[in-house]
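This report refers to the structure that appears directly beneath it.
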Amino acid sequence: MAYQLQLVLLDSKKLSLEIAKSNCSVAAFSKKCGVHRQTIAEIINRGVSCRFLTAYKIAKGLNLEVEDLLLKEG
């Protein structure tokens, strides 16, 4: 059985703002949520997409839903 990897695109500006509001550095937040610091930095700085599980961990670390961090089209 083949599995499809679901990628999501997070709003990098909103993510950066939410991390700042949590009074954490990217390094401290990455340890808190269990996502590598470089992954978070690439999402913020380069706007790269990430796996849904990664987005879930980031959102959970910010006490948000994944939908709150998704990049809105338009």
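Please treat every number below as a calculation from the coordinates, not as lab data. These figures come from a predicted structure and were not determined experimentally. Backbone-built Cβ (ideal geometry, glycine too); neighbour counts: all protein chains shown.
Per-residue ellipticity at 222 nm from helix content only, as computed over the chain with -39500 (n - 2.57) for each DSSP H run of at least four residues, stands at -15500 deg cm²/dmol. Using Cβ point charges alone (K and R +1, D and E -1), the dipole size of the chain about the Cα centre works out to roughly 300 debye. Considering segment 7-67 at the alpha-carbon level, its Rg and Dmax are found to be 9.9, 28 Å.
Estimated from the Cβ-Cβ distance and a Förster radius of 22 angstrom, the FRET efficiency linking Lys60 and Leu17 is about 0.80. Approximating the spin labels as points 7 Å out from Cα along Cα→Cβ, the Ala28-to-Glu42 distance works out to 2.6 nm.
Sparse packing (at most 15 other Cβ atoms within 10 Å of the Cβ) combined with a DSSP loop state is found for the following GluC sites (Glu not before Pro) in segment 44-74: Glu65, Glu73.
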